[in-house]
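*Asks:* Input: one structure, supplied below.
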């Protein structure tokens, strides 16, 4: 029997709060269950699951689950059968997790490189180009302003990966 949206919301809320105290093995188990549920769910539940994953990744104070959540959301966004609005939701959750991460600058840099790699090897370049643009803009739209170090990071990525060729 299908659960009502309120029941699903309550379960997600309980799991979000308790996820901070999960052992790595418990966390992996819950993550596998969520991914399995995502595969067989309708679009409405997939949307809720993406939000759930984003909340867990964003709310983690230690950062141990943020990287795992980033990878899972990144992979889910690249599913060929995922509707466009869910791809957008996944990418928004990905950026939200990144912006709340303790190591956000190194993670952003790493995901920018992943976008570039996706662009180089895949004929479908819209999603990685869009995400690369948003990640690059996130360096320039920080609350503390645009610093020389951030400009240097963007320049370094551009030169190292031959991003712009004339």
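The values are calculated or read from the model by the stated rules, or taken from the named source; none is laboratory data. Quick caveat, the model's predicted, so the values are computed rather than measured. Using ideal geometry, Cβ is built from the backbone for each residue, glycine included, and neighbour counts are taken over all protein chains shown.
*Asks:* Within segment 1-27, count every residue that is without any contact (Cβ under 8 Å) to a residue 40 or more places away in the chain and under 20 Å from residue 94 (Cβ atoms).
*Replies:* Number satisfying all stated conditions: 0.
*Asks:* So, restricting to helices (runs of 4 or more DSSP H) that lie completely within segment 1-76, which ones have at least 3 residues that are exposed (fewer than 12 other Cβ atoms within 10 Å of the Cβ)?
*Replies:* Numbers: elements: 5-18, 24-40, 43-59.
Qualifying helices (runs of 4 or more DSSP H): 5-18, 24-40.
*Asks:* Listed residues 33, 76; which is out of contact with any strand residue (DSSP E or B) (no Cβ under 9 Å at 6 or more places or on another chain), modelled with pLDDT of 90 or more and over 28 Å from residue 122 (Cβ atoms)? Before you say what the answer is, go through the steps one by one.
*Replies:* Details: 76 fails: over 28 Å from residue 122 (Cβ atoms).
Going through 33, 76 in turn, just one is out of contact with any strand residue (DSSP E or B) (no Cβ under 9 Å at 6 or more places or on another chain), modelled with pLDDT of 90 or more and over 28 Å from residue 122 (Cβ atoms): 33.
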